[in-house]
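Scroll down for the structure; my scribbles are underneath it.
The values are calculated or read from the model by the stated rules, or taken from the named source; none is laboratory data. These figures come from a predicted structure and were not determined experimentally. Heads up, the Cβs are rebuilt from the backbone with ideal geometry, glycines too, and the neighbour counts pull from every protein chain shown. Heavy atoms of the whole protein, side chains included, go into the accessibility calculation; ligands, DNA and RNA do not. Shrake-Rupley method; radii C 1.70, N 1.55, O 1.52, S 1.80 Å.
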Amino acid sequence: MALETWLIKVKSRISHGFDSVVTSTPIPRSSKKCTVGVLGFEVASLMSKLFHLWQSLSDKNVVRLRNESVSLEGVRKIVSNDESFLLGLACAEMAENLRLLAKSVSGLSKRCQDPNLRRFERLFDEFADSGHDSNRWVLSCKDMEAQNRKMDRFVTSTATLYKEMEELSVLESSLRKALQGSEYESTTKEQKVMDIQQKIFWQKQEVKSLKEKSLWNRSFDAVVSLLAKSVFTVLARIKLVYGIGHGYPTSLPRSLSASATVHPTDNPSTCTFVSGPLKSTKLEGTKDSIYGFFESNSKLLNPPPTTLGAAALALHYANLILVMEKMIKSPQLVGVDARDDLYAMLPSSIRSMLRARLKGVGFSASDPVLAGEWSDALGRILNWLSPLAHNMIRWQSERNFEQQQQNLVPKTNVLLLQTLFFANKEKTEAAITELLVGLNYIWRFEREMTAKALFECANFHGVLH
């Protein structure tokens, strides 16, 4: 669902209004059901992101997570070799993304007429911790797919509505300019005004029709009901996929069959995926303790002290690696100023390691065999280190955009475990230092070869003359 172009504009315009929905006290409720109006654009965003979360939990994507994401060479080298820990991080991040979405749904629920919908926040927390689903909001996989199709239609029509409302705004602006303009003759001006007025009339009819079809004219009860069922079902799917409450081993099956879907039990008030209070995953240096589901996952996402995330260096090192990647690919284009700028980016810990590694290294770099060996070695390091750096940049940039707009879960397939956030600081710095040592040699080799070629060329011209 292509939402990016119109959501970028509308979210910034309505962010203040939506924040007030989340933080304000419940408004007085009249007997007449009020519609979501302009908040329909934000509802469309929520629906789109819930659909994205649901898709990320499909059989195909779950298998890809285990076979590709968790098995990335860089992840295994500097993040962790423990598959259970890595899967725990993936589960925790998905749960945190869902929590953020549920928080926004909770803000909308305060405007509902239905008392059960107004209690969404409490019911959702209860469901997360105990599996209690008194309203039977968890859908079967088949029903969830049908609901996704329904929400997709709402999202599409709401996107079209936004586009047509923008067009109406442009026409109304043109009318004001035409009325104020003096460059036309009276007859021409009158005709132009009439033409624009006619276009505005038909455009208003189009907007009115789209409001009826889209989320604009839907009641808060109707949209929150859709969102609540989706949120509950996605959470049920998360717990089913990761075996929470089933006593499964902390690893994913090699393939999830068609039966690996979310189904309510015969007992309408309870889901089978939870057998009792949830125990948080034990991290190094922590004590066993009992937490609620979301609190447990939030704790798991706190980076250990030995990681780049804890040192607040993950993004800086990602940028550093990307700069070195460009230099290594084209060392002959690297000038002295660029080399100095790279050195200025280095923290003191890497500078110390680099000085120690370069001790005893001669000033000459004229061995083509050694230069070739260094080039191959750098390529091998970049093959596993560079993907994590690129993922870090992508994860951070998307996250920053979403937080600036509405503090919602970003629409991305990149998980934190695939970035430098949980990477071991010491191992990452050792790899970066090795890149710097190799880059230093091939950079000097390229300069010496260039200088030698120029010298030989000058001598050759001297002989000719």
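Listing for the model above:
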{"quantity": "Counted residues, segment 312-326 - those being out of contact with any Lys or Arg (no Cβ under 8 Å at 6 or more places or on another chain) and in contact (Cβ under 8 Å) with a residue 60 or more places away in the chain", "calculated": "10"}
{"quantity": "Tally of residues being small (G, A, S) and open to solvent by 50 Å² or more (accessible area, probe 1.4 Å) across segment 327-386", "calculated": "8"}
{"quantity": "Residue in segment 364-382 that is more than 22 Å from N440 (Cα to Cα), modelled with pLDDT of 85 or more and assigned to a helix (DSSP H, G or I) present", "calculated": "no"}
{"quantity": "Check on E448, among the acidic types (D, E), closer than 27 Å to I78 by Cα and at pLDDT 70 or above", "calculated": "no"}
{"quantity": "Test for V323: is it β-branched (V, I, T), modelled with pLDDT of 90 or more and in a helix (DSSP H, G or I)", "calculated": "yes"}
{"quantity": "Some residue of segment 33-44 being among the aliphatic types (A, V, I, L, M), modelled with pLDDT under 90 and open to solvent by less than 50 Å² (accessible area, probe 1.4 Å)", "calculated": "no"}
{"quantity": "Lone unmet requirement of (1) at pLDDT 95 or above; (2) among the hydrophobic types (A, V, I, L, M, F, W, C); (3) assigned to a helix (DSSP H, G or I) for M353", "calculated": "(1)"}
{"quantity": "Any hit, segment 181-193, residues being surrounded by 16 or more Cβ atoms within 10 Å (Cβ to Cβ) and either within 39 Å of the chain's Cα centre (by Cα) or at pLDDT below 90 (or both)", "calculated": "yes"}
{"quantity": "Matching entry among L215, L139 (being touching a Phe, Trp or Tyr at 6+ places or on another chain (Cβ under 6 Å) and among the aliphatic types (A, V, I, L, M))", "calculated": "L215"}
